[in-house]
Amino acid sequence: RRRSGWQVHRPSMGAEGSNCHKGVGSEHEVSDGKKKKKKDKKEKKQKKSKKDRSDSSDSSEDPWAHHRTSVEVSSGVQLNSLLEAFELCDPARSGYVRDHARFAEVAMRLTGLRDSADSFWHQLDRDGNGAVSFPEFVEWAQMNRVALPIGLTGGTGDVGPGGIAFPSTWKGPRDPRVAVGWNQRTMVTDGKLFAELQQMLDLTYKKVWTRDRKATGNNQVPDGYKLVRAMHSENFSDWNRYYLKRHRLVQDCANGGWLQQYQPLTAQASGICARHTLRAEVCNEWLLFHGTSANAAEAICRGDFTMHLSGSATGTLYGRGTYFAESITKADEYAKADAEGNCCALVCRVAGGQVLYNEQVEPSGPAMQDMVLKDGLYHSIIGDREKCRGTFKEYVVFDADQVYVEYILVYKREYAAVPAS
């Protein structure tokens with residue numbers, strides 16, 4: 001049978017259990033004894049199938065029910081949590097699983113399923129960046145009903161049912177059994193929140209031009225931005241993965257013994273930052289902008305950032321990651337206006353962790369990307385173009401789990417004079 005896209009390969013039943021009879025005789029040539037044996041076998045199989053369906057239904061109702069205390073993966077080696085299973089796949093403690101064969105071996109032990117290493121990996125590496133984080137691993141395990149606890153301890157101190165706690169701004173269901181599949185956008189109608197978002201636009205505005213401004217259709221930098229409407233986004237799957245990734249970054253930063261904190265321009269918008277209780281002091285958690293189109297914004301909220309497409313819109317100066325801005329002016333360079341002149345930008349939580357800071361005019365993007373993804377020394381990059389070029393800082397991450405979309409902002413560009421085309 002198939003389960004979550006994985007196929008269980010069972011050995012052949014042989015001639016006795018097959019539907020093929022010897023010779024060319026009809027079923028009348030089968031003895032009464034054999035008929036009874038086949039009938040009993042069929043009834044037994046039907047009872048087992050019914051039980052399997054019942055067990056499957058019960059498990060799907062509560063994804064955290066019926067936890068096993070451990071799984072034996074080899075003689076004398078017991079795994080007591082998903083975290084231990086992840087670390088077995090990541091012996092270098094880089095924070096990412098990259099060895100397809102090693103993961104396939106562990107996956108077969110955890111699930112009892114058998115498949116090729118490439119097939120296992122295709123299901124695991126959901127964002128396509130070639131490196132699997134702990135949240136991706138947990139999501140894969142839950143999809144395949146690996147009934148081990150997540151294994152989070154210490155660190156955030158706010159772990160809820162199933163190992164996940166919700167943000168204070170969460171309006172959807174909080175019971176994980178109900179929240180699975182929750183993915184909604186709601187219009188911001190609270191006047192205070194709307195004012196905080198407008199303040200964020202005002203405080204991060206900079207009258208600075210770069211050549212990327214040409215993509216907007218004119219070379220004139222707007223004199224300001226007026227918020228038209230805003231939507232709050234809630235996506236349980238994305239929050240689940242972001243929460244787990246942030247938890248790991250907090251632990252990694254604490255284990256490193258130091259953390260260089262970086263405060264973006266958005267931190268000046270104290271109201272919205274306080275509302276979301278950012279964990280800046282323990283893992284460099286920020287609110288940042290990402291300019292885009294309305295259609296792309298909704299697609300990202302529904303299904304997260306796609307890392308194998310990273311760099312297609314913003315270039316690859318600091319590697320093939322996803323780029324964010326601390327200034328609305330920079331994000332606006334990548335926003336696409338609609339027929340009514342409305343533009344779109346996302347406000348995202350970004351967990352930066354240990355930051356690789358760079359102020360070079362011509363940095364080596366591939367080398368910096370390797371320091372994050374392969375060496376595991378850093379979790380994100382800040383490219384300080386403000387210092388070396390007088391323009392803007394750029395924030396880059398290579399793992400979609402380090403990003404969670406909070407808001408879709410729809411705004412208009414404001415000009416003191418009519419912009420030249």
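Points to keep in mind about this one:
- Verdict on residue 299 being aliphatic (A, V, I, L, M), over 21 Å from residue 374 (Cα atoms), open to solvent by 10 Å² or more (accessible area, probe 1.4 Å) and without any contact (Cβ under 8 Å) to a residue 12 or more places away in the chain: yes
- Taking every residue in the stretch 95-116 that is under 24 Å from residue 380 (Cα atoms) and pairing it with any residue that is among the basic types (Lys, Arg), at least 6 positions away or on another chain, the pairs with Cβ-Cβ distances below 7 Å are 95/248.
- Subset of the stretch 222-238 [of a type outside the set (Gly, Ala, Ser) and either within 25 Å of residue 198 (Cβ to Cβ) or touching a His at 6+ places or on another chain (Cβ under 8 Å) (or both)]: 222, 223, 225, 226, 227, 228, 229, 231, 232, 234, 235
- When restricted to residues that are aliphatic (A, V, I, L, M), touching a helix residue (DSSP H, G or I) at 6+ places or on another chain (Cβ under 9 Å) and open to solvent by 10 Å² or more (accessible area, probe 1.4 Å), the stretch 228-249 contains 1.
- If the condition is being open to solvent by 40 Å² or more (accessible area, probe 1.4 Å) and over 22 Å from residue 188 (Cβ atoms), then the stretch 274-283 contributes 279, 281, 282.
- Residue tally, condition in a helix (DSSP H, G or I) and under 20 Å from the mean Cα position of the chain (by Cα), over the stretch 274-299: 7
- The residues of the stretch 356-367 that are touching a Phe, Trp or Tyr at 6+ places or on another chain (Cβ under 8 Å) and modelled with pLDDT of 95 or more, listed by number, are 356, 357, 358, 363.
- Output for the stretch 55-103, where each listed residue is part of a strand (DSSP E or B) and at pLDDT 80 or above: 78, 79, 97
- Scanning the stretch 398-421 for residues that are aliphatic (A, V, I, L, M) and open to solvent by less than 50 Å² (accessible area, probe 1.4 Å) turns up 400, 403, 405, 408, 409, 410.
- For residue 114: the one exception among (1) open to solvent by 20 Å² or more (accessible area, probe 1.4 Å); (2) part of a helix (DSSP H, G or I): (2)
- Test: residue 165 is in contact with a helix residue (DSSP H, G or I) (Cβ under 9 Å, 6 or more places away or on another chain) and either closer than 19 Å to residue 351 by Cβ or in a loop (DSSP other than H, G, I, E, B) (or both): yes
- Taking the listed residues 395, 378, 357, the one that is in contact with a Leu (Cβ under 8 Å, 6 or more places away or on another chain), closer than 21 Å to residue 282 by Cα, open to solvent by 10 Å² or more (accessible area, probe 1.4 Å) and hydroxyl-bearing (Ser, Thr, Tyr) is 378, with no other qualifying.
- All conditions but one from (1) buried (at least 16 other Cβ atoms within 10 Å of the Cβ); (2) at pLDDT 95 or above; (3) in a helix (DSSP H, G or I) apply to residue 271; the one that does not is (1).
- Scope the stretch 213-245; condition in a helix (DSSP H, G or I) and closer than 17 Å to residue 170 by Cα; matching residues: 236, 237, 238, 239, 240, 241, 242, 243, 244
The values are calculated or read from the model by the stated rules, or taken from the named source; none is laboratory data. Fair warning: this is a prediction, and the values are worked out from it, not measured in the lab. Positions of Cβ are backbone-derived with ideal geometry, glycine not excepted, and every protein chain shown enters the neighbour counts. Surface accessibility is based on the protein's heavy atoms, side chains included, excluding ligands, DNA and RNA. Shrake-Rupley method; radii C 1.70, N 1.55, O 1.52, S 1.80 Å.
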